[in-house]
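**Student:** One structure coming up, written as structure tokens, with questions to follow.
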Amino acid sequence: MNGPVAYLVTTLGCLIGVAGVVVAVVALRKGRKAARPAAPADPFRDTDSDALRGDPRRLKPGDIVEIRRVSYAVRGSVHLNEGGWSWAEHLLDTVEGDKRWLSVEEDPDLELVLWTAEPAATITPGASTLDFAGRRYASEESGQARFTATGSTGLDPSGTLRYHDYRAQGGERLSFEAYGQAGWEVARGEQLHRADVMVYPQAGPEAS
């Protein structure tokens with residue numbers, strides 16, 4: 001075999017070898033990707049209710065939510081995160097202008113609370129118990145979270161939230177929230193049953 005032919009054969013052999021290595025690496029990477037385990041699913045999640053009544057975890061501005069036969073439009077949504085723990089609060093509005101907030105949290109079960117603002121309240125958080133509107137509330141938790149807001153909430157697109165939550169016997173809630181440098185806002189909350197809430201997702205850029 002003369003020199004040029006030998007050189008050509010050697011070069012082709014090298015190219016074939018490199019191609020084989022590349023194919024093997026790609027196959028290995030695909031295999032690893034395919035073998036990656038899926039995110040764990042909650043075995044107790046009520047998927048039947050989600051299918052029949054809509055999923056409150058996926059609420060977004062523009063959706064319609066019916067709570068105890070009262071229809072609300074979702075005006076805006078606030079998504080909060082504290083140390084990897086996340087929850088959402090949605091500003092609801094009726095055609096008569098009745099505004100409420102709906103909080104959606106998994107702790108680990110789905111927890112839905114309908115909040116009514118108490119703008120005339122003069123109490124502040126901090127004590128272990130508080131008396132308000134004829135009920136005694138015990139301190140439950142407090143902290144600071146980061147938030148992002150979408151839709152019409154009256155808030156900045158992102159920032160921080162301070163909160164302090166209280167609970168009365170029977171489950172009624174009392175919440176204090178302060179966005180950014182603003183003062184405390186007070187609201188009373190009532191925990192809802194899953195059957196109290198029906199979600200009607202509306203078509204839009206975030207709809208799936």
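The values are calculated or read from the model by the stated rules, or taken from the named source; none is laboratory data. As the structure is a computational prediction, the values presented were derived from the model and not from experiment. Note that each Cβ is placed from the backbone with ideal geometry, even for glycine, and that neighbours are counted across all protein chains shown. The area values use the complete protein model at the heavy-atom level, side chains included, leaving out ligands, DNA and RNA. Shrake-Rupley method; radii C 1.70, N 1.55, O 1.52, S 1.80 Å.
**Student:** Could you please let me know if LEU112 is among the aliphatic types (A, V, I, L, M), closer than 24 Å to VAL74 by Cβ and in contact (Cβ under 8 Å) with a residue 40 or more places away in the chain?
**Tutor:** Spelling it out, LEU112 is indeed among the aliphatic types (A, V, I, L, M), closer than 24 Å to VAL74 by Cβ and in contact (Cβ under 8 Å) with a residue 40 or more places away in the chain.
**Student:** Also: Any residue in the stretch 156-171 that is over 19 Å from PRO125 (Cβ atoms) and open to solvent by 30 Å² or more (accessible area, probe 1.4 Å) sitting within a Cβ distance under 6 Å of a residue that is outside any loop (DSSP other than H, G, I, E, B) and small (Gly, Ala, Ser)? List the pairs, counting only those 6 or more apart or interchain.
**Tutor:** Close Cβ pairs (under 6 Å, with a partner that is outside any loop (DSSP other than H, G, I, E, B) and small (Gly, Ala, Ser)) amount to PRO157/ALA149.
**Student:** Name the single residue, out of those in the stretch 172-195 being aromatic (Phe, Trp, Tyr) and in contact with a Phe, Trp or Tyr (Cβ under 7 Å, 6 or more places away or on another chain), that is most open to solvent (accessible area, probe 1.4 Å).
**Tutor:** TRP184
**Student:** Would it be correct to say that SER103 is within 18 Å of the chain's Cα centre (by Cα) and either assigned by the TED database to the domain that holds GLY76 or outside any strand (DSSP E or B) (or both)?
**Tutor:** yes
**Student:** In the stretch 118-142, how many residues are under 27 Å from GLY83 (Cα atoms) and either of a type in the set (Ser, Thr, Tyr) or open to solvent by 40 Å² or more (accessible area, probe 1.4 Å) (or both)?
**Tutor:** 11
**Student:** Hey, another quick one. Can you work out which of the residues in the stretch 83-97 that are open to solvent by less than 60 Å² (accessible area, probe 1.4 Å) and more than 12 Å from the chain's Cα centre (by Cα) is farthest from GLY62 (Cα to Cα)?
**Tutor:** GLY97
**Student:** Being within 18 Å of MET198 (Cα to Cα), surrounded by 15 or more Cβ atoms within 10 Å (Cβ to Cβ), in the same structural domain as ALA149 (by the TED database) and out of contact with any Ser or Thr (no Cβ under 6 Å at 6 or more places or on another chain) is the requirement here; does LEU80 meet it?
**Tutor:** The answer is no for LEU80.
**Student:** I'd like the full set of residues that are assigned to a strand (DSSP E or B) and open to solvent by 50 Å² or more (accessible area, probe 1.4 Å), limited to the stretch 143-155.
**Tutor:** Once the filter is applied, which keeps residues that are assigned to a strand (DSSP E or B) and open to solvent by 50 Å² or more (accessible area, probe 1.4 Å), the stretch 143-155 yields GLN144, ARG146, THR148, THR150, GLY151.
**Student:** Those residues that are closer than 30 Å to ALA195 by Cβ, in a loop (DSSP other than H, G, I, E, B) and free of Cβ contacts under 8 Å to residues at least 60 places away in the same chain, I need them from the stretch 115-142; list them, please.
**Tutor:** ALA133, GLY134
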